[in-house]
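See structure below.
What follows draws every value from the coordinates through simple rules; no lab data is involved. Keep in mind that this is a model prediction, so the values were computed, not measured. Note that each Cβ is placed from the backbone with ideal geometry, even for glycine, and that neighbours are counted across all protein chains shown.
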Amino acid sequence: MDMKKKNVLAKKIAGEVIISKCPGKILRKWREIFGIKQYRLADAMGISTSVVSDYESDRRKSPGVGFIKRYIETLLDLDEINGSTVVEKFSRDIDIDAILDIREFLEDVPATKIQKLVRGVMLVNKNIKDIYLNGYTVIDSIKAITDLSESDFIKLYGLSANRALIFTKVHMGRSPMIAIKVTKPKPSMVIMHGLKPGDVDRLGIKIAKLENIPLMVSTLEHEEDLIKNLRGLNT
């Protein structure tokens, strides 16, 4: 296994665990992403399944740095035995400069909650109260359009297409929607940042309608605030 890729993913997981108010849920989420059963992880760590269960359910006091390090290292070691499939997938996503932030939720999040966080104004498919998302990806639209191939663009979807693709530095809104139109799968929602709701190109709006994709514009002033608000979402 490429140690650089392994270390990058390890730092990503550790960062999520440390900043979370529910570190056990984050640990469980990543174990499930790796597709590793609780008993197998416990056996590889040399501890009882009940200990792992207690930490993952936050019944025990928050795990210390030592436990978190062993937990993550064991996940990565078991993934290597399984062919390093998860590390390879995430390393491909991490290497894309156009991705400013990417996240998978622990549980489905109402699209209306995302709308509030980004101060979104709906332009297409305004009734989103029944839409629940599995994650989001924040994308530098300029780098995405100029640098990404079609196969690279698909990597923006992370583990699930049931997510919001959030494009920053948008000037018209046409290019991101054209890229979405010619690729599969389709996101559950598109959010644009960097322009006013009234400035979105008509073709972009038309594509969103044809593809039945909810489209909104974030009215937050700064890209940094957009990412900060989304990262503050607890799931």
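The table below lists the values:
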quantity	calculated
Rel. contact order, % - alpha carbon contacts under 8 angstrom, at least six apart, the chain	18
Geometric extent, Cα atoms of the chain - Rg, Dmax (angstrom)	19.0, 60
Antiparallel content of DSSP bridges confined to the chain, in %, to 5	45
Contact order relative to length of the range 1-137, as percent, for alpha carbon pairs under 8 angstrom and 6 or more apart	24
Segment S149-N234, extension gain: residue separation times 0.36 nm, minus the distance between their alpha carbons	27.3 nm
Chain lengthening between R119 and D97 when straightened (0.36 nm per residue, less Cα-Cα)	5.4 nm
Most mobile of I99, I205, I33 in a GNM of the chain (Cα contacts under 10 Å)	I33
Size descriptor, Kirkwood hydrodynamic radius, that averages inverse alpha-carbon separations across the range 98-231, Å	14.3
Taking the range 98-231 and dividing mean pair separation by its residue count, relative contact order in percent (alpha carbons under 8 Å, at least six apart)	30
Low-density loop positions, trypsin sites (Lys or Arg not before Pro), the range 46-77 - DSSP coil, at most 11 other Cβ in 10 Å	R59, K61
With eigenvalues of the C-alpha gyration tensor scaled by 5 and rooted, the range 3-91, Å	20, 15, 10
Net charge, I18 excluded, C-beta distance under 12 Å - Lys, Arg +1, Asp, Glu -1	+3
In order through the range 18-24: 3J(HN,Hα) via Karplus (6.51 cos²θ - 1.76 cosθ + 1.60), integer Hz, x for Gly, Pro	5, 8, 7, 6, 10, x, x
